[in-house]
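Okay, so here's the structure we're looking at.
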Amino acid sequence: MSKIACSHCHLEFDESVLIKDGSLFFCCKGCQGIYHLLQDEGLDTFYDKLGDERLAPPTEQFENSENFDSPAFHERYVSVDSEGFNEVSLIIEGIHCSACVWLNEKALHKMEGVVEVFINHTNNKARVVWDDEVLKLSKIIDMIRAIGYNAFPYDPDIQEAQAEKERKDYYLRIAVAAFAMMNIMTIAVAQYAGFFTGMDQNIKNILNIAEWLLSTPVLFYSGWVFFRGAYYSLKTKTVNMDILVATGASLTYLYSIYITVFELGEAYFDSVAMIITFVLLGKFLEVLSKKSAADTLDVLSKHVPSEVTLLKDGEQVNVGVNEVVVGDLLLLKAGEKAGIDGEIIEGVGSFDESSLSGESEPVYKVVGDHVVSGTTSIDAVVNYRATKDFEHSTLANILTMLERSLAKKPRIEQMANRLSEYFSTVILLLAFATFVVWWIWPHSFETAFMVGISVIVIACPCALALATPVATMVGLGQGAKQGILFKEAAHLETMAKIDTLVLDKTGTITEGRPQVQLCEWYDDEQKREEHTAKLLALLNASKHPVSLGVSEYLARESYTLAKLDELQQLPAKGMVARCEKQMLVGGNALLLKEQGIEVESNSEHTLFYFAVDDLLIAKFELFDSAKKDAKKVITSLQHSGIEVVMLTGDHEGVARRVAQEVGIEHVHAELRPEEKASLISQMQADGHRVVMAGDGVNDILALAQAEIGIAMGNGSDIAIDVSDVVLMNDSLTSLEEAFKIGRTTFKLVKQNLAISLVYNAITIPLAMAGYIIPLIAAISMSVSSLLVVGNSMRIKFMWKKS
């Protein structure tokens, strides 16, 4: 179906989902309303100046929840997973602590039809999976709004607009609070001087009233965010940080009014202003810090071009990336980013793949090589044929994996969240108990009141709630920068606890490009061409590195390939097929022995045999060299306490040679895929925590069995699908870096939890003992949160030293 652009925002949709208005088309009522408003006001020249640029859809269109059910919305923002459920990414406005995350997740999970809800505290991004036949998205949005939050579809342009709006709101509230606080402090200087030198009660009353007037906008305007959060927290019968701040500031404010009106003693309006100002400033710095951590992952999104050049009927046509289908012919010019994966059919040149693999060296590509979406042509002008549509492109898959990795919480984060759920309630009880004790002795309501307020204000559930998600976000960001994609944040924690690394040989330890060193033919030379054509046909049916190596060796001359029937791929063995009533067998010694053909298998090289019926036709010896960094990386991992084991389907001699070359002691050879998985299962039964790294179809059972499956970047699509971590380049250095990032992240998560718990364990008793005034409590509360965030940022440079 043809795509038609919205007459206002110029975003393209299928005609069937658009609103038709005469000769005009609109994606939503918001665009339709803005278009007619501009026409009525004589501002239609806006579209002339806009040209072909596209606008972000107006956020106003999302104020009516029914718009979330429109066909245009579903086409743009909603996807359907493999089980037929709908999935959408939302930005939830108003989340600022773990209690907010908990509340939203619990509320949505209770709705019939909701399958999964994952909310990331660091960027307020939610992934919701639901059954559209049972529940409409609009009802989910209504529930989010009913508990005091708001939701918008995740769209980089909309998110940036919302983030800018939130920043401006914070700026204004902080400006009001800071202005009032500075004036209150000026007045407080006079009050403190009068306290020691003496001051007339009338003068004191005037100064108190001035502070009262100045602190009022601070509490009710600048501190409104805390009151709003506290209201919805009470409404949903939960206790969060907002209740602590709102309770402490409000009680101090009311008590100070009582003191001022009845002229009974010292008012504490300065404490009200400072509590709100410092906690608000701390919250704003948290927002900026979390945004900095999240921006690392958003970098990849900037590598997604919106259009590509399509070659159609000899003409160049710019089309959206979503319009390209497999088989389309595309043009990529020097300096442009590839939006679609494909195979070069004309042209050569260098490509910058650093955004995906982390490798700074340009990659030279020729006809037949693959172009990867998200990479940049440095000097190449190439024509290439699309091998994937955008939805299934490398870059789109990477972005999807990153989004989902942020949604899955590590176990240590789940534990911290459960702890912080009860934290605020315990603090309120401790504050009340402190107040009662201090009121009984030394019989001073004022003293008891201020000590109780200090306990409420100094307690910091935020530091506890931020301990894990910020560190996890930074860890995932550093991994993405190095070309290491963790599919779940929880895998960072698991990587830190691994004690055994299992490696496949071909393509993981070795280069994965074995080359023929020796070829022996045992047939009649007159039939050599016929046999070669049959062998090449058999080899072309496989993508195994050995098959490719023999095929490359034979393809130096041109042959007409034979037609095969009944082709079978036998994992870890080879291939069999029929051709002109003859049985063709190509593979290792084990396969030929199973076919009743005796062959020699004692060699340090990889052996490939070819037989027709029961007759051995040819033997090929191939050599696959170890990767340059293999020995160094494996030695380093062994020194860090990780046991390295090689599992391979290759024969014993080859496996031992490679293992000796790279320093691996434990080797298991001639294994079938199920035997690899069985060995890993046995290791786990013995108490080991196992990571498996591989790249082939024959590794998928082992990858799935291990605690963490790591797929090398050149691996098969199915190996990448079942793995937990994907290395975008094939260097074993990336494997070592994955361990370092996992260990460093988990180490700093534990440090953050320790900082938070030690802070509260020290400061709360001090506050209960009366040694901390509310002003110091407010400052230290903010500092503790910022300390946790700052400590998390250390991952950016610490992981390299681990």
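The values are calculated or read from the model by the stated rules, or taken from the named source; none is laboratory data. Note that the structure is predicted; figures quoted are calculated from it, not measured. Counting neighbours? That spans all protein chains shown, and the Cβs are built from the backbone with ideal geometry, glycine included. These accessible areas exclude ligands, DNA and RNA; they are computed on the full protein's heavy atoms, side chains included. Shrake-Rupley method; radii C 1.70, N 1.55, O 1.52, S 1.80 Å.
The figures follow:
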{"read-out": "Cα-Cα over 31 Å, subset of 29/235; 333/800; 125/235; 365/505; 563/627; 333/740", "value": "29/235; 333/800; 563/627; 333/740"}
{"read-out": "Solvent-accessible surface (1.4 angstrom probe) belonging to residue 750, in square angstrom, nearest 10", "value": "110 Å²"}
{"read-out": "Under-5 Å amide H pairs with residue 645, H placed in peptide plane, nonlocal only", "value": "501, 502, 503"}
{"read-out": "Magnitude of the charge dipole, the chain, Cβ model with Lys/Arg +1 and Asp/Glu -1, debye to 20", "value": "3280 debye"}
{"read-out": "Linear extension gain, residue 146 paired with residue 684, 0.36 nm per residue minus alpha-carbon span", "value": "189.0 nm"}
{"read-out": "The chain - accessible surface per residue (Å², probe 1.4 Å)", "value": "45 Å²"}
{"read-out": "Efficiency of FRET from Cβ geometry, residue 567 and residue 69, R₀ 51 Å, rounded to 0.05", "value": "0.60"}
{"read-out": "Kyte-Doolittle mean at least 0.0 and Cα axial length at least 27 Å: DSSP H helices in the chain", "value": "156-197, 241-262, 269-298, 411-440, 732-768, 774-793"}
{"read-out": "Residues with amide H under 5 Å from that of residue 364, placed H, sequence gap 5 or more", "value": "351"}
{"read-out": "Point-to-point label distance, residue 106-residue 190, nm (Cα→Cβ direction, 7 Å offset)", "value": "4.9 nm"}
{"read-out": "Estimated inter-spin distance, residue 261 and residue 210, nm [label 7 Å along Cα→Cβ]", "value": "2.3 nm"}
{"read-out": "Sites residue 129 and residue 391, calculated FRET efficiency, Cβ-Cβ separation with R0 25 Å, nearest 0.05", "value": "0.90"}
{"read-out": "Equivalent ellipsoid, the chain (semi-axes from 5 times Cα gyration tensor eigenvalues, Å)", "value": "62, 34, 21"}
{"read-out": "Debye log10 I(q)/I(0) for the range 551-694, one point scatterer per Cα, at q = 0.12, 0.21 Å⁻¹", "value": "-0.63, -1.32"}
{"read-out": "Nonlocal amide H pairs with residue 375, under 5 Å, H built at 1.01 Å", "value": "338"}
{"read-out": "Label-point separation, residue 39 to residue 656 (7 Å along Cα→Cβ), nm", "value": "8.4 nm"}
{"read-out": "Highest to lowest packing among 513-520, 218-225, 473-480, scored as the average C-beta count within 10 Å", "value": "473-480, 218-225, 513-520"}
{"read-out": "Rounded to the nearest 10 Å², the accessible area of residue 40 at probe 1.4 Å", "value": "120 Å²"}
{"read-out": "Phi-based couplings in Hz for the range 314-322 (Karplus 6.51, -1.76, 1.60; Gly and Pro marked x)", "value": "x, 10, 9, 10, 7, 10, x, 4, 6"}
{"read-out": "Extension gain from residue 529 to residue 3, taking 0.36 nm per residue of separation minus the Cα-Cα distance", "value": "184.1 nm"}
{"read-out": "Computed FRET value (nearest 0.05) for residue 164 with residue 202, which takes r as the C-beta separation and R₀ as 41 Å", "value": "0.25"}
{"read-out": "Accessible carbon and sulfur surface of the range 636-786 relative to its total accessible area, %, 1.4 Å", "value": "57 percent"}
{"read-out": "Those residues of the range 642-658 whose amide nitrogen sits under 20 Å from the label point placed on residue 675, 7 Å along Cα→Cβ", "value": "645-658"}
{"read-out": "Stretchable slack from residue 518 to residue 800, in nm (0.36 nm times residue separation minus alpha-carbon distance)", "value": "97.2 nm"}
